[in-house]
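Here is the structure we will look at.
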Amino acid sequence: MRVRTALCSAVSVLSALTLLSACSSGSGTGSGGAPLVGVDYPRSDTDFWNSYIKYTPQYGKQLGLDLKTTNSQNDVAKLTANAQTFISQGVKGLAMAPQDTAAIAPTLAQLEAKKIPVVTVDTRPDTGKVYMVVRADNRAYGEKACQYLGTKLGGKGKVVMLQGDLSSINGRDRTEAFNDCMKKNYPDIKVFGEATNWDGAVAAQKLQTDLTADPDIKGVYMEASFALSGTLQVLKQKGLLVGPKDRKHVFVVSNDGIPEELKSIAEGKIDATVSQPADLYAKYALYYVKAAIDGKTFKPGKTDHDSTIIQVRDGVLEDQLSAPLVTADGASYGGVPSVKSDDKALWGNNLG
């Protein structure tokens with residue numbers, strides 16, 4: 001009898017240990033057997049990324065995924081720590097948007113070793129393998145801004161480019177493309193390039209300094225909407241926040257397509273933006289994570305959602321989603337077509 005009791009106790013302990021081990025290592029499935037997926041939000045201090053955060057759980061539910069989320073707050077060390085948390089939770093796939101595209105390489109290598117597929121959103125890592133990059137053509141952003149400003153300024157004058165962080169592939173792509181386009185198509189336009197590290201306060205201070213030194217500046221290219229509020233404030237202080245028909249008007253082009261940009265275009269405060277698809281970033285980031293979990297593969301070429309997959313380098317594909325130029329009149333500028341700012345197809349006009 002004592003032997004039987006001892007044996008039962010041993011079995012109970014073994015069962016408990018087995019259950020504890022399974023819980024601590026993570027089963028890889030959430031409620032109802034849905035695949036467990038990690039999503040790291042890169043920041044929550046801009047309207048664009050807050051919109052992405054809003055869309056993510058909606059699409060996670062549509063795709064039947066159980067999501068675990070973190071926020072790395074524009075800090076690669078926090079992103080690395082968050083990745084460790086996801087590994088311990090047993091996620092089957094991971095979506096992230098590393099803002100420092102060079103420093104993320106060791107984390108990607110670790111996730112690859114753990115056989116956890118990674119989809120990067122908005123940014124592309126400088127090195128390392130990921131399952132898919134979900135992004136728009138950021139060089140096209142710079143080119144579209146260049147063609148708009150070049151046309152509006154008649155190929156002459158001065159413009160300020162408020163750059164993003166050049167440690168990011170996005171900042172580099174937009175900056176290089178804008179400069180290349182200006183040199184090729186509008187050589188008589190002088191460009192003042194200002195590094196801002198995606199910081200609105202820095203952007204406003206540098207724009208104010210440029211306008212004080214060169215009051216005849218007639219164009220501003222903001223590489224993202226982080227600079228919108230500060231730019232409008234500086235222009236107002238300088239008496240330059242006037243309608244596009246006023247001779248004092250400074251033409252402003254942004255990137256993102258947030259509701260405030262679309263409203264500012266309609267009001268004549270800024271002139272154009274490139275609508276970076278926050279909704280589709282969320283949708284297709286999770287779509288590709290699920291596809292990776294399901295063992296699907298993709299090749300370069302046209303997709304069924306108005307985009308093109310390109311091969312960036314060995315082991316890295318990038319789905320370049322559509323990102324249209326948005327203006328008040330929907331006209332073409334330097335051969336670049338645009339859509340009107342009140343177009344209901346724009347995600348910035350559909351936020352509840």
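With a requirement of 2 or more residues that are touching a helix residue (DSSP H, G or I) at 6+ places or on another chain (Cβ under 8 Å) and open to solvent by 70 Å² or more (accessible area, probe 1.4 Å), none of the strands (runs of 3 or more DSSP E) lying completely within the stretch 206-320 satisfies it.
In the stretch 143-166, the residues that are among the hydroxyl-bearing types (Ser, Thr, Tyr) reach residues that are surrounded by fewer than 24 Cβ atoms within 10 Å (Cβ to Cβ) with C-beta atoms within less than 6 angstrom, at least six apart or across chains, in these pairs: Tyr148/Tyr333; Thr151/Tyr333; Thr151/Gly334.
Among the residues that make up the stretch 20-36, is at least one of them modelled with pLDDT of 95 or more, within 18 Å of Ile116 (Cβ to Cβ), under 30 Å from the mean Cα position of the chain (by Cα) and surrounded by 11 or more Cβ atoms within 10 Å (Cβ to Cβ)? Yes: one or more hits. Checked against the criterion of being closer than 19 Å to Phe48 by Cα and either open to solvent by 30 Å² or more (accessible area, probe 1.4 Å) or at pLDDT 95 or above (or both), the candidates Tyr148, Tyr131, Tyr141 yield just one match: Tyr141. Residues in the stretch 151-177 that are out of contact with any strand residue (DSSP E or B) (no Cβ under 6 Å at 6 or more places or on another chain), open to solvent by less than 30 Å² (accessible area, probe 1.4 Å) and polar (S, T, N, Q): 2 in all. Looking only at the stretch 308-340, residues that are over 20 Å from Gly150 (Cα atoms) and of a type in the set (Gly, Ala, Ser) come to 2 in all. Search the stretch 178-190 for residues being buried (at least 20 other Cβ atoms within 10 Å of the Cβ) and more than 22 Å from the chain's Cα centre (by Cα), and hand back the single one that is farthest from Tyr148 (Cα to Cα). Out of the qualifying residues, it is Ile189. Just one residue in the set Thr56, Thr69 is open to solvent by 50 Å² or more (accessible area, probe 1.4 Å) and either farther than 26 Å from Leu346 by Cβ or modelled with pLDDT of 95 or more (or both); that residue is Thr69. Taken as a whole, the condition of being farther than 22 Å from Ile258 by Cβ, in a helix (DSSP H, G or I), more than 16 Å from the chain's Cα centre (by Cα) and not β-branched (Val, Ile, Thr) does not apply to Gly128.
From (1) open to solvent by 40 Å² or more (accessible area, probe 1.4 Å); (2) farther than 22 Å from Thr175 by Cβ; (3) within 21 Å of the chain's Cα centre (by Cα), pick out the condition that doesn't hold for Asp342. That leaves (3) as the condition not met.
Any residue at all in the stretch 73-82 that's over 22 Å from Thr46 (Cα atoms) and not charged (D, E, K, R)? Give the derivation first.
From the stretch 73-82, those over 22 Å from Thr46 (Cα atoms) are 81; that's our starting set.
Imposing the further condition that a residue be not charged (D, E, K, R) reduces the set to 81.
Yes, the stretch 73-82 has at least one match.
Among the residues of the stretch 103-115, are any of a type in the set (Asp, Glu), without any contact (Cβ under 8 Å) to a residue 24 or more places away in the chain and under 21 Å from Gln311 (Cα atoms)? So far as the stretch 103-115 goes, yes, one or more of its residues are of a type in the set (Asp, Glu), without any contact (Cβ under 8 Å) to a residue 24 or more places away in the chain and under 21 Å from Gln311 (Cα atoms). Taken as a whole, the stretch 91-101 holds at least one residue that is open to solvent by 10 Å² or more (accessible area, probe 1.4 Å), of a type outside the set (Phe, Trp, Tyr) and either under 21 Å from Ala278 (Cβ atoms) or under 14 Å from the mean Cα position of the chain (by Cα) (or both).
The values are calculated or read from the model by the stated rules, or taken from the named source; none is laboratory data. Note that the structure is predicted; figures quoted are calculated from it, not measured. All Cβ positions, glycine included, derive from the backbone under ideal geometry; neighbour counts span all protein chains shown. Remember, those area values only see protein heavy atoms, side chains included, never the ligands or the DNA or RNA. Shrake-Rupley method; radii C 1.70, N 1.55, O 1.52, S 1.80 Å.
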